[in-house]
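The values are calculated or read from the model by the stated rules, or taken from the named source; none is laboratory data. Quick caveat, the model's predicted, so the values are computed rather than measured. Here the Cβ is made from the backbone with ideal geometry for all residues, glycine too, and neighbour counts use every protein chain on show.
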Amino acid sequence: MDAMTERAHELAAAGRLPAFVYDLAGLEAHVSAVRRALGGVELYYAVKANPDPELLRVLARHVDGFEVASGGELAHVQGLFPEVPVALGGPGKTDAELASAVHRLHVESPGELARLLASGRRADVLLRVNLEIPVEGASLAMGGGATPFGMDPDGVAGCLALLEGQDRIRLRGVHAHLASGLRAQQLLELAEAVLGYARGIGASEINLGGGMAVSYTDPDERFDWVAYGEGLAKLRREGETLRVEPGRSLTVYCGRYATRVIDVKRVHGELFAIVAGGTHHIRTPATKGHDQPVVPGAAGEPVTIAGQLCTPKDLLARRVPIALEPGDVVEFAMAGAYAWNISHHDFLMHPHPDFCYLGGRPGE
Ligand SMILES: *Cc1c(COP(=O)(O)O)cnc(C)c1O
């Protein structure tokens with residue numbers, strides 16, 4: 001039994017499940033290994049993956065900055081870490097968001113840049129580009145075709161024209177978050193294409209985005225940060241600043257969603273275990289259409305694990321070969337990113353889960 005499972009059983013005994021259990025020591029070890037692998041490439045954390053302050057406190061010790069995508073995330077991060085550099089991105093920024101003081105502003109369109117110029121304020125900007133690069137094997141594509149994200153080369157030309165003859169808005173470079181769910185080799189190929197484009201317009205600061213792959217079917221299959229870091233070191237030219245901004249691949253592994261079985265039943269031959277909570281706490285299996293990996297237990301007849309919601313979409317994992325009885329504890333792994341914070345918490349008005357942190361530094 002590992003420390004997280006032990007804690008899940010303590011929480012069960014105290015009547016505190018469902019709960020998210022976070023391994024802060026594991027997060028620290030992981031992010032520091034990523035930091036080392038990236039060498040001279042700057043590392044920002046994409047806060048939307050999980051903005052939990054306990055996780056951010058660990059991350060803040062290792063990252064060069066945070067990437068935020070709203071005024072809400074910006075206030076959250078600046079309230080916790082007034083000194084840490086922040087990049088603000090995201091489509092549909094309001095005038096109030098455009099007026100925020102940040103290290104970098106990622107401009108999404110000529111219209112947005114025109115509003116920024118009209119405001120008369122100073123800013124250091126990256127232009128978010130959406131280049132026509134084939135993105136194969138991605139789980140989500142934000143670029144490489146017609147999407148609401150970033151600008152095609154015509155949009156970039158429009159921005160460059162707007163920036164001429166003024167010095168309040170300083171063009172620092174380009175930003176490209178084109179897809180998610182990519183392996184190191186695929187991301188390096190994209191990086192090469194993005195760098196080629198950036199150099200063509202004279203940009204020396206390039207944010208290559210996030211989207212590093214994680215595997216929910218094989219949690220041990222990890223993104224190859226060492227190969228990625230070495231590849232980027234080869235691509236980088238003297239005087240260039242490269243930056244990445246992963247979210248999922250940094251925090252997904254440090255969280256588990258632990259709950260208990262309420263009912264076990266057989267319906268038309270198939271075995272179901274109904275657990276406390278469900279996809280209103282961890283929407284990930286519903287949004288990704290996958291089975292959330294279950295921490296292995298005693299082998300048993302394949303059982304489909306469902307939550308308490310009155311919708312057939314409330315399935316956490318299908319046909320898992322483990323023995324489950326009412327009262328048993330079930331733990332779902334890879335619940336540290338895009339889980340609680342993307343979920344529809346109040347649908348059906350069940351109680352919210354508990355939150356529990358292992359290995360934090362005392363006094364924080
Ligand atoms: C969501 C997002 C990220 C992080 O993506 P992951 O797949 O979680 O690594 C980074 N940059 C931008 C612009 C994003 O929208």
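General observations
- Being touching a residue at least 40 places away in the same chain (Cβ under 8 Å) and farther than 24 Å from Glu10 by Cα holds for only one residue in Thr279, Thr259, Thr284, and it is Thr284.
- Any hit, region 21-30, residues being more than 16 Å from the ligand (Cβ to nearest atom), farther than 26 Å from Ser343 by Cα and assigned to a loop (DSSP other than H, G, I, E, B): no
- Verdict on Leu113 being crowded, with 18+ Cβ neighbours inside 10 Å, within 16 Å of the ligand (Cβ to nearest atom) and farther than 26 Å from Gly231 by Cα: no
- Residue within region 122-130 that is under 30 Å from Ser249 (Cβ atoms), at pLDDT below 95 and away from the ligand (no atom under 14 Å from the Cβ) present: no
- Being touching a Lys or Arg at 6+ places or on another chain (Cβ under 6 Å) and either under 23 Å from Met212 (Cα atoms) or crowded, with 19+ Cβ neighbours inside 10 Å (or both) is a description that does not apply to Ala46.
- Total residues in region 158-177, condition away from the ligand (no atom under 13 Å from the Cβ) and either in contact (Cβ under 8 Å) with a residue 60 or more places away in the chain or in a strand (DSSP E or B) (or both): 5
- Considering Gly196, Gly150, Gly144, the condition of being more than 26 Å from Tyr216 (Cα to Cα) and within 16 Å of the ligand (Cβ to nearest atom) is satisfied by Gly150 alone.
- Single match in Ala69, Ala8, Ala60 (criterion: closer than 30 Å to Pro296 by Cβ and not assigned by TED's automatic domain parsing to the domain that holds Glu221): Ala8
- For region 19-40, the criterion of a residue being modelled with pLDDT of 95 or more, in contact with a Ser or Thr (Cβ under 9 Å, 6 or more places away or on another chain), crowded, with 20+ Cβ neighbours inside 10 Å and closer than 20 Å to Ser204 by Cα is satisfied by no position.
- Any hit, region 147-155, residues being of a type outside the set (Ser, Thr, Tyr), at pLDDT 95 or above, touching a helix residue (DSSP H, G or I) at 6+ places or on another chain (Cβ under 8 Å) and outside any strand (DSSP E or B): yes
- Checklist (1) touching a residue at least 12 places away in the same chain (Cβ under 8 Å); (2) more than 18 Å from Ala141 (Cβ to Cβ) applied to Ser180, failing item: (2)
- Number of the condition not met by Tyr216 [criteria: (1) without any contact (Cβ under 8 Å) to a residue 12 or more places away in the chain; (2) within 15 Å of the ligand (Cβ to nearest atom)]: (1)
Here is a yes/no grid of residues against (1) touching a Pro at 6+ places or on another chain (Cβ under 9 Å); (2) polar (S, T, N, Q); (3) outside the structural domain of Leu315 (by TED's automatic domain parsing):
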residue	(1), (2), (3)
Gly209	yes, no, yes
Met212	yes, no, yes
Thr241	no, yes, yes
Ala258	yes, no, no
Ile262	yes, no, no
His268	no, no, no
Leu271	yes, no, no
Val275	yes, no, no
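- Filter pass, Tyr338 being out of contact with any Ser or Thr (no Cβ under 8 Å at 6 or more places or on another chain), surrounded by 15 or more Cβ atoms within 10 Å (Cβ to Cβ), in contact (Cβ under 8 Å) with a residue 24 or more places away in the chain and within 22 Å of Gly247 (Cβ to Cβ): no
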